[in-house]
Amino acid sequence: MKELDPNNIPKHVAIIMDGNGRWAKQQGKMRIFGHTNGVKAVRRSVSYARQIGVQSLTLYAFSSENWNRPQDEVSALMTLFMQALDSEVKKLHKNNIKLKILGDTSKFSEKLQAKIANAEKLTENNTALTLNIAANYGGCWDIVQAAQQLALDVKANLLAAEDISEELFQQKLVTKEQAPVDLLIRTSGEQRISNFLLWQIAYAELYFSDVLWPDFNEQEFNHAVWAYQQRERRFGAS
Ligand code: IPE
Ligand code: IPE
Ligand code: MG
């Protein structure tokens with residue numbers, strides 16, 4: 001493990017957890033076997049993020065485009081999500097972790113929506129780490145829903161169109177009140193954003209790892225943060 005500078009820990013880390021299907025295929029197993037093992041990598045990542053003092057960890061679990069997968073894979077993912085909520089929420093709460101689900105949850109079953117609401121309520125005052133799970137999330141969707149909220153405010157005369165600022169806009173995104181993303185990690189060797197956080201990654205450092213998600217562990221995470229700490233961030237200045 002590399003030694004990290006405790007004064008330069010990224011406040012917000014976002015991860016595109018990719019490669020579950022390929023991981024399973026390599027072992028001659030069904031794709032869902034990869035997803036199941038991906039949950040273990042989620043546990044390791046949450047625990048490591050909390051340990052090093054990250055404030056927000058955002059994990060991309062299901063994109064607004066993932067409905068395009070075969071029905072049986074989508075159902076298996078929903079079941080897994082439900083089981084993970086059942087088995088993990090108490091543990092998250094015990095560890096003072098606040099859970100937020102980011103995305104259009106209205107597309108989920110009533111049962112899943114109720115579980116999400118309960119989990120968020122239970123953990124809402126926790127302060128050690130905010131764990132965002134992006135589920136039925138799309139970066140374009142996020143921007144549109146923010147624009148809709150602002151348009152409604154304008155229509156209700158609560159706001160003048162000229163007063164819409166970056167700051168106000170930001171407060172309507174689902175990540176409102178959280179720091180912008182400092183470090184974006186994608187596993188599995190793919191180098192694209194796949195409609196994950198768009199606005200929020202404006203100045204993020206990007207880190208791509210060839211490791212498939214179920215193999216992602218403390219060491220890989222540590223290396224990504226270490227690499228981040230070697231970068232010079234300029235924010236447009238010279
Ligand atoms: C990421 O792994 C998990 C989800 C998108 C739910 P994939 O299922 O995309 O795995 P690959 O990319 O096919 O290997
Ligand atoms: C992005 O991975 C979505 C998640 C990790 C949840 P995908 O595997 O769906 O992305 P593409 O299709 O390769 O761009
Ligand atoms: Mg993939």
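Derivation of every value follows stated rules applied to the coordinates shown; laboratory data play no part. If you're wondering where the values come from, they're calculated on a predicted model, not measured in any experiment. Neighbour counts run over all protein chains shown; Cβ positions are idealised from the backbone, glycine included.
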Size of electric dipole in the chain: Cβ of Lys, Arg +1 and of Asp, Glu -1, about Cα centre, debye, nearest 20: 760 debye
Extent along principal axes [Cα atoms of segment 36-162; Å; largest to smallest]: 47, 38, 24
Cα pair distances of segment 3-62 binned at 5 Å [whole percent]: 4, 17, 23, 18, 14, 11, 8, 4, 1
Between segment 21-74 and segment 126-159, the Cα center-to-center distance that results, in Å: 24 Å
Karplus (6.51, -1.76, 1.60) ³J(HN,Hα), θ = phi - 60°, over segment 65-77, in Hz, Gly and Pro reported as x: 8, 5, 5, 6, 7, x, 3, 5, 6, 4, 4, 4, 5
Candidates T175, T79, T36, ranked by Gaussian network fluctuation over the chain, Cα under 10 Å, top entry: T79
Most positive-pole-ward Cα, G189, N222, G138, against dipole of segment 111-238 from beta carbon charges: G138
Amide hydrogen neighbours beyond the local backbone of L102, cut-off 5 Å, H modeled: I133, A134, A135
Size descriptor, Kirkwood hydrodynamic radius, that averages inverse alpha-carbon separations across the chain, Å: 18.8 Å
Förster-model FRET efficiency, 45 Å R0, Q71 and D163, C-beta, rounded to 0.05: 0.50
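Restricting attention to segment 177-216, which GluC sites (Glu not before Pro) occupy a DSSP loop and are surrounded by at most 12 other Cβ atoms within 10 Å?
Here the sparse-neighbourhood loop sites are E177.
Given 4 °C and 1.567 mPa s, how large is the Stokes-Einstein diffusion coefficient of segment 153-233 in µm²/s, with Rh as the Kirkwood radius over Cα pairs?
D, rounded to a whole number, is 86 µm²/s.
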